[in-house]
Number of protein chains: 2
Amino acid sequence: MTRKACIIGGGVIGGGWAARFLLNGWNVSVFDPDPEAERKIGEVLANARRSLPALSDVPMPAEGKLSFASSITEAVEGADYIQESVSERLELKHRVFAQIQQASHGVPIGSSTSGFKPSELQENAADPATIFVAHPFNPVYLLPLAEIVPSAKSDAKVIENAKEILREVGMFPLHVRKEIDAHIADRFLEAVWREALWLVKDGIATTEEIDEAIRMGFGLRWGQMGLFETYRVAGGEAGMKHFMAQFGPCLQWPWTKLTDVPEFTEELVDLIAGQSDEQSGQYTIRELERIRDSNLIGFMRALKDRNWGAGKVLLDHDKRRRAAFHEAGETGQGAPMVMAHMQVLPGWIDYNGHMTESRYLFAASETSDAFLRLIGADMDYIANGHSYYTAETHIMHLGEAKLGDRLIGTIQILSSDEKRIHAFIRIQRGDEVVASLEQMFLHVDMKAGRACPAAPEVLAKLAPIAEAHKTLPRPEAAGRYTGERRK
Amino acid sequence: MTRKACIIGGGVIGGGWAARFLLNGWNVSVFDPDPEAERKIGEVLANARRSLPALSDVPMPAEGKLSFASSITEAVEGADYIQESVSERLELKHRVFAQIQQASHGVPIGSSTSGFKPSELQENAADPATIFVAHPFNPVYLLPLAEIVPSAKSDAKVIENAKEILREVGMFPLHVRKEIDAHIADRFLEAVWREALWLVKDGIATTEEIDEAIRMGFGLRWGQMGLFETYRVAGGEAGMKHFMAQFGPCLQWPWTKLTDVPEFTEELVDLIAGQSDEQSGQYTIRELERIRDSNLIGFMRALKDRNWGAGKVLLDHDKRRRAAFHEAGETGQGAPMVMAHMQVLPGWIDYNGHMTESRYLFAASETSDAFLRLIGADMDYIANGHSYYTAETHIMHLGEAKLGDRLIGTIQILSSDEKRIHAFIRIQRGDEVVASLEQMFLHVDMKAGRACPAAPEVLAKLAPIAEAHKTLPRPEAAGRYTGERRK
């Protein structure tokens with residue numbers, strides 16, 4: 001059954017939460033008295049629809065239903081999870097929790113607060129045990145981190161339930177074991193912010209120079225390893241102790257004098273806002289958001305290729321969803337077998353604005369790989385020294401796939417013997433074939449570097465499929481050579 | 001003429017400098033009295049050879065010559081650029097500069113110091129004007145940032161010369177206009193380090209939890225936008241002033257009390273080193289270095305796709321080198337034309353350990369795109385609504401390209417008319433053809449979505465090439481269909 005998330009507060013953060021739940025198939029009910037809330041959430045959702053699917057290699061579930069409630073009572077009805085993202089005013093948050101808990105019982109209530117401790121949030125609550133910090137990072141629909149901070153009064157079962165729910169929507173819940181103002185990440189952001197204000201105020205660097213100093217150097221490092229792992233590597237074979245011995249004394253160096261808080265004046269605000277305009281004013285905020293999201297997708301895709309950090313979260317999320325997908329099963333009786341479901345991602349687009357030609361072959365590989373896994377020529381089989389190699393391919397480009405298109409890859413076995421599989425693959429958008437690929441696969445002893453018969457258990461799975469496919473009509477394009485006139 | 005860089009100090013940083021210069025075609029002379037220096041630099045260089053070429057879409061120049069000098073005097077002889085990366089001890093640096101300046105005059109001398117100001121480095125120097133800070137970031141062969149900090153005594157011409165040299169080896173020299181302890185970036189690193197030590201010491205979070213709090217959230221943001229641009233976006237349409245009004249007061253919040261410096265005790269070192277072992281101890285430092293480098297390549301490639309941040313630096317670097325490459329020129333008289341030079345990158349490898357099949361088509365696209373640019377069907381032509389689309393392709397897989405292989409793509413025009421180009425592309429490793437592709441390109445009116453004659457100026461460039469290629473032997477594989485027996 002479709003589950004329901006309740007989002008209280010519909011700004012950039014609340015909208016990001018709503019988008020993440022919706023695109024992961026949850027129904028979402030939003031409460032925000034701001035008459036602009038619907039428009040604002042619509043804008044966040046448009047960004048999320050453009051970018052979140054680009055991280056997935058499994059088709060996204062059908063989007064959930066978005067509704068706007070006229071009261072907190074209406075919003076929380078039937079909710080399995082509640083997230084509060086109102087302004088950072090403790091008394092306002094207390095009022096919201098009181099209203100929520102009049103209408104709902106035992107449901108996890110996460111707060112997006114970046115500063116308050118859970119024990120502060122829980123003060124005077126009817127049921128403090130269900131209220132905790134679930135602090136996300138903008139853009140909420142892309143970045144996996146959510147700091148989960150319980151207090152001593154929290155119900156451990158509620159916290160575990162909440163963490164499991166956040167994993168289901170693709171997040172990385174980081175359990176913060178001891179409450180502290182600003183949790184973990186924002187303490188660092190605050191420290192850097194203080195230092196940056198001093199540098200601008202003292203005329204050492206402009207906002208642009210500071211941004212370059214971050215993104216051309218350590219910023220790149222921190223997206224994939226954090227502070228300590230980075231320094232561990234810097235320490236070399238001698239490791240962390242060596243690093244600390246070398247750099248520890250720097251703590252006493254003169255720049256520690258600048259740990260004061262700079263005075264927050266009008267002049268400082270104007271100075272920074274002016275420099276920021278000069279640096280980024282040529283882009284609208286919407287443009288900057290799209291640039292940011294594309295870059296984040298690129299980073300997270302790069303990490304996904306390597307099963308590392310945020311990329312590991314994405315792979316785990318895919319695996320979870322793929323399991324559900326494969327339960328349906330495919331027979332191949334009477335029709336080519338649907339082996340792959342894909343979506344045209346931003347990186348697949350060429351300068352013509354269409355899917356770049358090599359991605360059609362990539363889509364075919366996804367299809368044939370899934371088929372080979374199905375007949376048992378999987379990773380273990382390859383690890384044992386055998387694999388099917390593509391010997392030859394003929395591609396017909398018949399249509400143009402565009403960004404965001406959902407594609408399927410079907411396979412039809414034209415013939416097979418103990419060493420060869422002759423297959424016809426169609427890349428389709430619905431029923432429309434955008435490309436067809438005729439391929440010859442050779443079974444190879446990888447060490448010897450030559451063709452050899454496939455294992456009996458693989459052939460035993462292949463044979464009945466090939467037999468069933470003999471009844472399928474032979475594709476017109478089969479046997480075609482490049483440049484042959486169409487019949 | 002090949003230029004020469006002199007590297008004084010051959011640790012991780014000095015080795016990184018040496019690798020960056022060498023791989024960009026400079027000769028490098030290293031001086032380091034450590035008997036292990038040659039081994040250490042060899043290890044850094046092995047990492048750099050594995051990763052730096054993966055960022056380039058233009059063939060790397062021939063590697064420069066690496067030599068080890070037995071004295072500073074010998075090392076600096078004939079050097080066009082000198083970089084000092086010895087330990088952070090001011091009197092040691094002063095001695096090194098004195099020896100350098102006894103043997104060399106007017107050559108830029110950059111210091112890798114992370115803490116000292118240029119005016120401190122220049123004290124008592126024979127020629128203070130040529131000494132400045134050139135502070136890089138580990139791994140030096142990948143990360144583009146070098147903070148260039150002159151003092152009032154610096155020679156502006158020397159500084160500009162140094163910045164130009166660093167650009168030539170692919171770096172981003174950030175000119176820091178006002179000297180300050182620790183320049184810019186390390187002030188932030190120091191601020192975060194202080195905060196992190198407190199969090200570990202107080203038992204709020206382990207090193208691993210802190211690293212996750214960074215790399216799952218804001219770390220990903222900072223690799224592509226820095227602090228201010230990120231917050232500008234967070235402020236929404238109301239912009240930077242709104243953001244500051246909202247978050248400025250937080251500076252006065254309780255966590256600012258933690259701006260003290262934690263006491264640096266044995267216990268703290270043990271605590272952190274122990275947690276770090278638990279977090280990352282399953283990897284050797286070499287493994288972590290390779291993981292880090294692969295991730296950084298992924299990030300920087302993602303940014304390169306988008307011409308943003310560090311990716312823009314890479315594109316500019318390619319453009320500079322491509323210009324030199326194209327000066328040679330190609331005729332196509334008597335042989336297929338070499339249109340593309342490529343290297344098999346880590347992301348091109350499949351689970352068999354070979355170049356993944358769709359990358360052969362990608363390599364062919366690189367080749368045909370370069371050919372189309374050559375005959376004038378370039379980005380401007382496409383912007384005006386016309387382009388060549390691939391209609392059909394036949395691929396023969398003949399060999400296996402592996403990680404790091406240098407490939408070329410050649411094109412032979414089989415026939416052409418005003419609407420069509422029938423071409424034969426070979427992807428070669430040296431003389432060995434690893435794949436051949438027969439392709440049919442159709443000239444298209446993109447708006448109308450149908451074939452139409454190419455522009456006269458394009459046909460005028462295409463015709464003589466097609467004419468010249470008529471004398472070339474017709475490839476055996478041309479006209480082949482998939483599964484046809486070899487003759």
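In table form, for the structure just shown:
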read-out: Odd one out for A:GLU120, checked against (1) open to solvent by 20 Å² or more (accessible area, probe 1.4 Å); (2) charged (D, E, K, R); (3) under 18 Å from A:HIS183 (Cα atoms); (4) under 25 Å from the mean Cα position of the chain (by Cα); value: (4)
read-out: Condition met for A:VAL458 (buried (at least 16 other Cβ atoms within 10 Å of the Cβ), without any contact (Cβ under 8 Å) to a residue 60 or more places away in the chain, among the β-branched types (Val, Ile, Thr) and out of contact with any Asp or Glu (no Cβ under 6 Å at 6 or more places or on another chain)); value: no
read-out: Entirely in region B:253-341, the helices (runs of 4 or more DSSP H) that have 3 or more residues that are modelled with pLDDT of 85 or more and surrounded by 17 or more Cβ atoms within 10 Å (Cβ to Cβ); value: B:285-305, B:310-326
read-out: Selection count, region A:87-112, where residues are at pLDDT below 95 and crowded, with 19+ Cβ neighbours inside 10 Å; value: 1
read-out: B:GLU229 modelled with pLDDT of 85 or more, assigned to a helix (DSSP H, G or I) and more than 7 Å from every other protein chain (Cβ to nearest Cβ); value: no
read-out: Residues (open to solvent by less than 10 Å² (accessible area, probe 1.4 Å) and over 15 Å from B:SER111 (Cα atoms)) located in region B:28-37; value: B:VAL28, B:SER29, B:ALA37
read-out: Residue match in region B:450-466 (condition: basic (Lys, Arg), touching a strand residue (DSSP E or B) at 6+ places or on another chain (Cβ under 8 Å) and in the same structural domain as B:TYR360 (by TED's automatic domain parsing)); value: yes
read-out: Region A:356-414 - residue that is polar (S, T, N, Q) and open to solvent by 20 Å² or more (accessible area, probe 1.4 Å) and, of those, nearest to the other protein chains (Cβ to nearest Cβ); value: A:THR390
read-out: Test set (1) part of a loop (DSSP other than H, G, I, E, B); (2) open to solvent by 10 Å² or more (accessible area, probe 1.4 Å); (3) under 22 Å from A:GLY235 (Cβ atoms) - B:GLY25 fails condition number; value: (3)
read-out: Residues of region A:141-190 that turn out to be outside any helix (DSSP H, G or I) and in contact (Cβ under 8 Å) with a residue 40 or more places away in the chain, as a count; value: 15
read-out: Which listed residue, of B:GLY11, B:GLY42, B:GLY16, is touching a residue at least 60 places away in the same chain (Cβ under 8 Å), within 22 Å of A:PHE243 (Cα to Cα), open to solvent by 10 Å² or more (accessible area, probe 1.4 Å) and among the small types (Gly, Ala, Ser); value: B:GLY11
read-out: Residue, modelled with the highest pLDDT, within region A:39-63, restricted to residues that are part of a loop (DSSP other than H, G, I, E, B) and of a type outside the set (Asp, Glu); value: A:ALA62
read-out: Verdict on B:TRP193 being modelled with pLDDT under 95, out of contact with any helix residue (DSSP H, G or I) (no Cβ under 6 Å at 6 or more places or on another chain) and either surrounded by 22 or more Cβ atoms within 10 Å (Cβ to Cβ) or outside the structural domain of B:VAL140 (by TED's automatic domain parsing) (or both); value: yes
read-out: In region A:191-211, residue farthest from B:GLU195 (Cα to Cα) [restricted to those that are within 7 Å of chain B (Cβ to nearest Cβ), touching a residue at least 60 places away in the same chain (Cβ under 8 Å) and over 28 Å from the mean Cα position of the chain (by Cα)]; value: A:THR207
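The values are calculated or read from the model by the stated rules, or taken from the named source; none is laboratory data. None of the values given here were measured: they were computed from a predicted structure. Counting neighbours? That spans all protein chains shown, and the Cβs are built from the backbone with ideal geometry, glycine included. Note: areas computed on protein heavy atoms with side chains; ligands, DNA, RNA excluded. Shrake-Rupley method; radii C 1.70, N 1.55, O 1.52, S 1.80 Å.
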